[in-house]
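Please treat every number below as a calculation from the coordinates, not as lab data. Only a predicted model underlies this, so the values are computations on that prediction, with no experimental measurement involved. Here Cβ is always computed from backbone atoms with ideal geometry, including for glycine, and neighbour counts include all displayed protein chains.
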There are 2 protein chains.
Amino acid sequence: MAELRSDARRNLERVLDAAERVFAASGPAASIDEIARLAGVGHGTVFRRFPTKDDLMYAVIERHVAQLQAMAEEALAADDPGEGFFDFARRAAELMMGTPGIHKCVVHCGEKPGAAELEHLGRKLVSRAQRAGALRRDIEPAEVGPLVRAALLAAPPGHWRRYLDIVLDGLRA
Amino acid sequence: MAELRSDARRNLERVLDAAERVFAASGPAASIDEIARLAGVGHGTVFRRFPTKDDLMYAVIERHVAQLQAMAEEALAADDPGEGFFDFARRAAELMMGTPGIHKCVVHCGEKPGAAELEHLGRKLVSRAQRAGALRRDIEPAEVGPLVRAALLAAPPGHWRRYLDIVLDGLRA
DNA sequence: CCTGAAGCGGACTCTGCAGTCCGCTTACGT
DNA sequence: ACGTAAGCGGACTGCAGAGTCCGCTTCAGG
């Protein structure tokens with residue numbers, strides 16, 4: 001990655017920026033051609049760095065996952081497990097809903113990228129809250145994320161916070 | 001519809017049956033070719049009866065919508081508004097989740113077909129339950145359906161009942 | 001500078017879909 | 001039984017997007 005020629009590095013950056021914007025706007029349905037056009041490069045250039053569209057999507061997603069991971073770690077350090085969980089849910093939702101298209105990409109990928117770590121943190125967060133009696137126990141820790149995400153995506157543009165409240169209320173013990 | 005030649009009527013039936021099965025399996029992504037193949041007809045035959053894929057989808061969906069409508073009317077007649085609503089939700093979910101692909105088609109169409117009536121019934125059902133104090137008031141009657149449907153579709157295959165419970169709990173006053 | 005390797009980009013292929021068209025077939029009234 | 005209009009089906013078109021390839025351009029080291 002450091003071995004790239006200067007023009008190549010510049011183009012790579014442009015591609016990633018464009019991809020982020022286009023995926024954010026159109027979700028997984030975004031086309032490589034559109035990204036290349038916005039980046040001001042030929043689409044062959046995109047494919048040289050990212051052999052498939054999914055590869056590019058992962059690259060874009062990875063930055064977001066990193067942010068979520070930091071939040072999750074912080075939440076795990078909270079004194080009150082219940083509050084840690086609900087705060088995290090709200091903050092994560094705020095982040096994801098800033099770029100709904102990318103949110104859809106995450107759902108689309110089944111979170112394959114480097115999300116094993118994040119998923120692990122999420123599970124810990126949930127089961128800690130369950131043990132503390134703040135969360136209903138009849139749901140698997142791994143299932144909470146998908147449920148919340150689905151509710152967020154189903155909401156009409158401005159109203160996802162209401163949907164989130166409802167689902168979080170439903171999750172309470 | 002009664003003016004059809006006998007072979008045409010038979011083919012029409014075959015097409016609808018095949019479409020139902022294929023849409024149920026693959027959702028809105030199903031291809032006309034696959035439906036035609038399963039029906040044992042050329043795809044030109046499908047297009048003669050249903051000029052666009054959406055037309056065919058509507059035809060398939062309509063039967064399901066009719067069933068839901070009957071349920072909704074029954075639920076509106078229930079003594080307890082809250083119970084009427086929650087029973088309807090569970091029964092409707094049971095019906096829809098029997099054919100998840102068709103459920104996806106319904107979501108895909110934004111329920112255009114003849115669903116104005118059903119939507120109206122749904123709104124009445126919700127606002128009646130809200131007035132009776134059985135349902136939280138900070139959600140529009142028209143928003144309840146999408147939220148519930150999204151949760152159902154997000155559930156891993158066998159577990160949608162759990163997801164439904166959670167969302168319905170969240171909806172309680 | 002000059003050169004060769006790295007990089008570029010767009011023309012090209014391939015795939016899969018919706019939707020059209022028309023020569024052939026078949027049901028059905030007489 | 002036969003004439004004809006209704007019906008059939010598959011070859012065809014058009015489109016859009018993913019991924020490939022290769023002749024040309026540009027960077028960077030000597």
Mean projection of the alpha-carbon convex hull of segment B:92-173 over all orientations, in nm²?
-> 5.2
Test item: B:149-157 mean partner chain Cβ contacts at 10 Å = 5
Using every alpha carbon pair in chain B, what percent of pairs falls into each 10 Å bin from 0 up to the bin containing the largest distance?
-> 10, 35, 30, 17, 8, 1
What average number of partner chain Cβ atoms lie no more than 10 Å from the Cβ of the residues making up A:142-148?
-> 4
Between the label point of A:C109 and that of the same position in each other copy, find the distances and list them shortest first in nm, with every label point placed 7 Å from Cα along the Cα-to-C-beta direction.
-> 3.5
Put a point 7 Å out from Cα along the line to Cβ at A:E34; what are the distances to that point in the other copies, in nm, shortest first?
-> 2.4
Under the span-like rule (Cα at least 18 Å along the axis, Kyte-Doolittle mean at least 0.5), DSSP H helices of chain A = A:141-154
Would you mind computing the Rg to Rh ratio of segment A:73-135 from its alpha-carbon coordinates, Kirkwood style for Rh?
-> 1.01
Only Cα pairs under 8 Å and at least 6 apart count here; give the relative contact order of chain A as a rounded whole percent.
-> 21
Linear extension gain, A:A116 paired with A:L4, 0.36 nm per residue minus alpha-carbon span | 37.4 nm
What does the convex hull of the alpha-carbon atoms of the protein assembly as shown project to on average, in nm²?
-> 21.4
Rotational relation A to B, axis-closest Cβ in chain A, residue and distance rounded to whole Å | A:G170, 2
Can you list the distances in nanometres, one decimal and ascending, from the B:E83 label point to the identical position in each other copy, with the point 7 Å along Cα to Cβ?
-> 4.2
Nonlocal Lys pairs with alpha-carbon distance under 23 Å, the protein assembly as shown (8 or more apart, or different chains) | 9
Distance between modelled label sites at A:R63 and B:R48, nm, 7 Å Cα→Cβ extension | 5.6
How many partner chain Cβ atoms sit within 10 Å of a residue's Cβ in peptide B:130-138, on average, as a whole number?
-> 1
